[in-house]
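Okay, structure first, notes after.
Please treat every number below as a calculation from the coordinates, not as lab data. Since this is a predicted model, take the numbers as computed values, not measurements. Note that each Cβ is placed from the backbone with ideal geometry, even for glycine, and that neighbours are counted across all protein chains shown.
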Ligand code: XLS
Ligand code: NI
Ligand code: NI
């Protein structure tokens, strides 16, 4: 039994009595202890940092506590107690209570939220913001009690119908202003709660048809909006990263934050490439026609890698299923690219991931998060072997060795003209010999690390 905010007793929401612990790869489940970590040994040092610091797991409010289990054909299937009729603020406090129970139960060091996940919308923006702040106070208390920290906050600029034609990219400047006021509130709350990042997902920043859309204006609006956010970040002294979350489509047909390459071009155009980074999600990458690893590697190369929403999609489906990750080879390659990009830094691995709609038992949330955390930990260990063994990095180094020669460097440093290059090819009668890319051999090597 637990205390609820009104002081009354409430039954525990999850059946697990204690925080899950590390038991090692040989752990055998029992009726008393059905679940424990086999790989997530949070104090174990991997490449100079503890697993806890390398992985920085976060549980999201959005899918795990906000979403009711609807789909386009079906009503909410979960019937969480806080979704039942009742005083909306009391329900929001109950939700926060259970959410923190889960964070502690799976031993996740961080959480993430949207303003509309944590508190009901009021009659005016002032009322909505005040309600968000009241739950913010509850968070501050619970964070203090539990040691759980905030990975990021974000404003929901997509659910309410006022945003149906976009937030920053709306044809009506009053909608832009409304969105700005909402972001100001959540950015300030994120700052006060010591959040490590602030995320912007442009879920309505896109369009359906050019017949009613002035694309050039909308891009300029989006650039101004983002600059306002960055200006305010500096004004209030927020030290966290501002992150954009690329996604090519869904809910709109064309979204402006399509993928890493597109976001980088946009940031450059608005002078923000040193101010804003990206929060990447596996299935958003797939929907854009890329692998997750590609998006991470590109963001790393461009210096804008920020954080991850650790989901997976379904190869058979063309939409964002936001499932918990469960594919070791895929996640190991992801973690390898994260390490190559310099590690997760101020970001984290956020489970912006959904249960399946039939997973209606409260404990399904525990199984989902714990299974995903253990998988990511195991993947980190594989990635560590990939790096430490050195064969893969060595292969790359050898493959590109020509570029480290004096002649290769001179070309890259702009010391050779097209004329000079052409003359040299003729003078030396150059006939470059193709060399095998050895993909199969490298794939064999990667398999040996599992
Ligand atoms: C939706 C996005 C969303 C963001 C946060 O596809 O993943 O959940 O992570 O707004
Ligand atoms: Ni996401
Ligand atoms: Ni998503």
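Couple of notes before you dig in:
- Most simply put, the chain has about 20% antiparallel DSSP beta bridges, counting only bridges with both residues inside it.
- Cα→Cβ-extended label distance, 7 Å offset, between residue 435 and residue 26, nm: 4.5
- Alpha-carbon Debye profile of the chain, log10 I(q)/I(0) at 0.08, 0.11 Å⁻¹: -0.51, -0.92
- The residues 291, 124, when put in order of fewest to most other Cβ atoms within 10 Å, stand as 124, 291.
- Our helix-only sum for the chain, with -39,500 (n - 2.57) per DSSP H run of n ≥ 4 divided by its residues, gives a mean residue ellipticity at 222 nm of -13500 deg cm²/dmol.
- Alpha-carbon centroids, segment 216-240 and segment 380-423: separation in whole Å: 37
- Computed over all pairs of different Cα atoms, the Kirkwood value for the hydrodynamic radius of segment 1-118 is 16.5 Å.
- For segment 1-100, relative contact order (Cα pairs under 8 Å, six or more residues apart, normalised by length) works out to 18 percent.
- Mean-square fluctuations from a GNM of the chain, with a 10 angstrom spring cutoff on Cα atoms, peak among 72, 81, 17 at 72.
- Helix 260-269 and the longest principal axis of the Cα set of the chain meet at an angle near 90°.
- Residue exposure proxy: 321, 209, 112, ordered by other Cβ atoms within 10 angstrom of their Cβ from fewest to most, comes out as 209, 321, 112.
- Rounded to 10°, Cα long-axis angle of helix 173-192 versus longest principal axis of the chain: 90
- Considering segment 244-310, its Cα convex hull presents a mean projected area of 4.0 nm².
- Overall form of segment 61-110 per C-alpha gyration tensor (a/c, 1.5; a/b vs b/c): oblate
- Length-normalised contact order of segment 284-361 in % [C-alpha pairs under 8 Å, at least 6 apart]: 38
- Ranking of 145, 245 by count of other Cβ atoms within 10 Å, fewest first: 145, 245
- Nearest 10 degrees, 0 to 90: helix 125-146 Cα axis against the chain principal axis: 80
- Gyration tensor verdict on segment 183-313 (Cα atoms; rounded if a/c is under 1.5, prolate if a/b is larger than b/c, oblate otherwise): oblate
- Sorting the Cα pairs of segment 329-450 by distance into bins of 5 Å, from 0 upward, gives 2, 8, 12, 14, 11, 11, 10, 9, 7, 5, 4, 3, 2, 1, 0 percent per bin.
- GNM flexibility winner over the chain from 122, 271, 408 (Cα, springs under 10 Å): 408
- For segment 327-389, fraction of C-alpha pairs farther apart than 20 Å, in %: 35
- For the chain, the relative contact order works out to 15 percent when only alpha carbon pairs closer than 8 Å and six or more residues apart are counted.
- What separates the Cα centres of segment 281-355 and segment 98-125 is a distance of 23 Å.
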